[in-house]
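Take a look at the structure below.
The values are calculated or read from the model by the stated rules, or taken from the named source; none is laboratory data. It should be emphasised that the depicted structure is a prediction, and the values quoted were computed from it without experimental measurement. FYI the Cβ positions are ideal-geometry reconstructions off the backbone, even for glycines, and counts take in every protein chain you see. Ligands, DNA and RNA are stripped out before the accessible areas are found, and what is left, the full protein with its side chains, is counted by its heavy atoms. Shrake-Rupley method; radii C 1.70, N 1.55, O 1.52, S 1.80 Å.
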Amino acid sequence: MKTILFLLLLIIQPGWIAAQSFIPGIELRNLNGESYSSDQLLNPDQACVIIFWNSYNPKCCDNLENMQAAWINQLKDRGVKLVAICVDCKGTWSYVKPFVNGKAWEFDIFIDVNGDFKRAMGVPDAPYTMLLDKNQNVVCRSSGYCSGNEEFVCRKILHCLDEAERPRGMQANAVK
């Protein structure tokens, strides 16, 4: 049911396009405990998919597995960055680091220690996905996980990025 809802949200573009917002400077930590500001995670002129996840939720982990495969096959070569933000890792770093290392995920993973970044970005619960354009504006949001139709999700992500780069009034309605 969540997969169907996720796909419906992707298809209905006005529900996905959000008011422009920015990435605030909030402390996140990498898996070694080093501190980073959330506004420094992204590279200038690079689109990014941010996935908020819980380490204890198998659907969140499956979502990251599926999105990594899709990202490697379709988005990475197009310059899209993938970042995962663990939102339940307070006090469980000793579990999360070996867990992540065992997955061999190739994208950046950070820990939102106190949930400040999650709250600042308006994320209700994980898994939750955000798409940022090359100017680091949030252009798309989706709650839930993706399973079984990652190619469609990648096409939709690229379409959203194309739409965000077009001048207002020139946006197309169809997914390519």
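Going by what's in this entry, would V123 be described as open to solvent by less than 70 Å² (accessible area, probe 1.4 Å), in a loop (DSSP other than H, G, I, E, B), farther than 20 Å from A47 by Cα and at pLDDT 80 or above? No.
Scanning segment 102-113 for residues that are touching a residue at least 12 places away in the same chain (Cβ under 8 Å) and either open to solvent by 50 Å² or more (accessible area, probe 1.4 Å) or under 17 Å from C48 (Cβ atoms) (or both) returns K103, W105, E106, F107, D108, I109, F110, D112. Cβ-Cβ contacts under 9 Å between residues 6 or more apart (or on different chains), taken from a first residue in segment 68-82 that is within 12 Å of R155 (Cα to Cα) to a second residue that is open to solvent by 60 Å² or more (accessible area, probe 1.4 Å) and outside any strand (DSSP E or B), are listed as A70/E151; W71/E106; N73/E151; Q74/E151; Q74/R155.
Among the residues of segment 85-125, which ones are closer than 24 Å to D162 by Cβ and among the aliphatic types (A, V, I, L, M)? Matches in segment 85-125: M121 only.
When F99 is tested against (1) open to solvent by less than 40 Å² (accessible area, probe 1.4 Å); (2) not in a loop (DSSP other than H, G, I, E, B), just one condition goes unmet, and that condition is (1).
Looking across segment 36-67, the residues that are of a type in the set (F, W, Y) and touching a residue at least 40 places away in the same chain (Cβ under 8 Å) come down to Y36, F52, W53. When D133, D116 are checked against the criterion of being surrounded by 17 or more Cβ atoms within 10 Å (Cβ to Cβ) and either within 13 Å of I23 (Cα to Cα) or touching a residue at least 60 places away in the same chain (Cβ under 8 Å) (or both), a single residue qualifies: D133.
Scanning segment 136-164 for residues that are under 13 Å from V49 (Cα atoms), open to solvent by 40 Å² or more (accessible area, probe 1.4 Å) and assigned to a loop (DSSP other than H, G, I, E, B) yields one hit, Q136.
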